1. Please find, among 57, 80, the residue that is at positive phi, surrounded by fewer than 13 Cβ atoms within 10 Å (Cβ to Cβ) and not hydroxyl-bearing (Ser, Thr, Tyr).
2. Could you tell me which of the residues 17, 35 is more than 27 Å from residue 2 (Cβ to Cβ), surrounded by 15 or more Cβ atoms within 10 Å (Cβ to Cβ) and without any contact (Cβ under 8 Å) to a residue 12 or more places away in the chain?
3. Closer than 15 Å to residue 8 by Cα, acidic (Asp, Glu) and surrounded by 13 or more Cβ atoms within 10 Å (Cβ to Cβ), is that true of residue 68?
4. Does residue 87 satisfy the condition of being part of a loop (DSSP other than H, G, I, E, B) and in contact with a strand residue (DSSP E or B) (Cβ under 7 Å, 6 or more places away or on another chain)?
5. Filter the range 17-41 down to the residues that are charged (D, E, K, R) and over 17 Å from residue 57 (Cβ atoms), then identify the one that is nearest to the chain's Cα centre (by Cα).
6. When residues of the range 7-24 are filtered for being in contact with a strand residue (DSSP E or B) (Cβ under 7 Å, 6 or more places away or on another chain) and more than 20 Å from residue 87 (Cα to Cα), how many remain?
7. Can you tell me which of 78, 107 is modelled with pLDDT of 95 or more and within 18 Å of residue 14 (Cα to Cα)?
Amino acid sequence: MKNSFELAHVGINNGDADEAQRLCDLLCLMFNLDARAGKKSEFAGTFFECVRSHYLGTHGHIGMATADLASAVEELSGKGFGFDDATAAFFDDGRLQNIYLAGEFGGFAIHVMQK
């Protein structure tokens, strides 16, 4: 089965919380977005996640959403892509919520998430 994917957000690594906040404020001003604080990040709208530290990926990460994450993981595995099982997050009912692909792509980590 071919799954469809859509860009959910771009995560940008920052040195610390102040740097992440400054970048978030700038992106919100630039593109007329609303800011929202997350657990580990500042969000500029739904497009940009300004991570408060250096997380996965040299530059950050790209979040891709899909309607059927279990099927998408199966499809990507069949294409030869691996996953970093340590990054898997689950919903309360045990279904996979998101997981990072193994490695980097153009300096970015990629995670796929349930839409």
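1. Details: 57 fails: surrounded by fewer than 13 Cβ atoms within 10 Å (Cβ to Cβ).
Unique residue meeting the criteria: 80.
2. 35
3. yes
4. no
5. Narrowing the range 17-41 to residues charged (D, E, K, R): 18-19, 22, 25, 34, 36, 39-40.
Filter once more, keeping what is over 17 Å from residue 57 (Cβ atoms): 18, 22, 25, 34, 36, 39.
Values: 18: 20, 22: 20, 25: 19, 34: 18, 36: 16, 39: 13 Å.
So the residue we want is 39.
6. Quick first cut of the range 7-24, residues in contact with a strand residue (DSSP E or B) (Cβ under 7 Å, 6 or more places away or on another chain) only: 7-14, 20-21, 23-24.
From what is left, the residues that are more than 20 Å from residue 87 (Cα to Cα) are 20-21, 23-24.
Count: 4.
7. Values: 78 fails: within 18 Å of residue 14 (Cα to Cα).
Being modelled with pLDDT of 95 or more and within 18 Å of residue 14 (Cα to Cα) holds for just one of 78, 107, which is 107.
Yes or no, residue by residue, for (1) in contact with a Lys or Arg (Cβ under 7 Å, 6 or more places away or on another chain); (2) not small (Gly, Ala, Ser):
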| site | (1), (2) |
| --- | --- |
| 27 | no, yes |
| 35 | no, no |
| 43 | yes, yes |
| 83 | no, yes |
| 93 | no, yes |
| 105 | no, yes |
| 110 | no, yes |
| 115 | no, yes |
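The values are calculated or read from the model by the stated rules, or taken from the named source; none is laboratory data. Given the structure is predicted, the values throughout are model-derived calculations rather than measurements. Glycine gets a Cβ as well: all are built from the backbone with ideal geometry, and neighbour counts include every protein chain shown.
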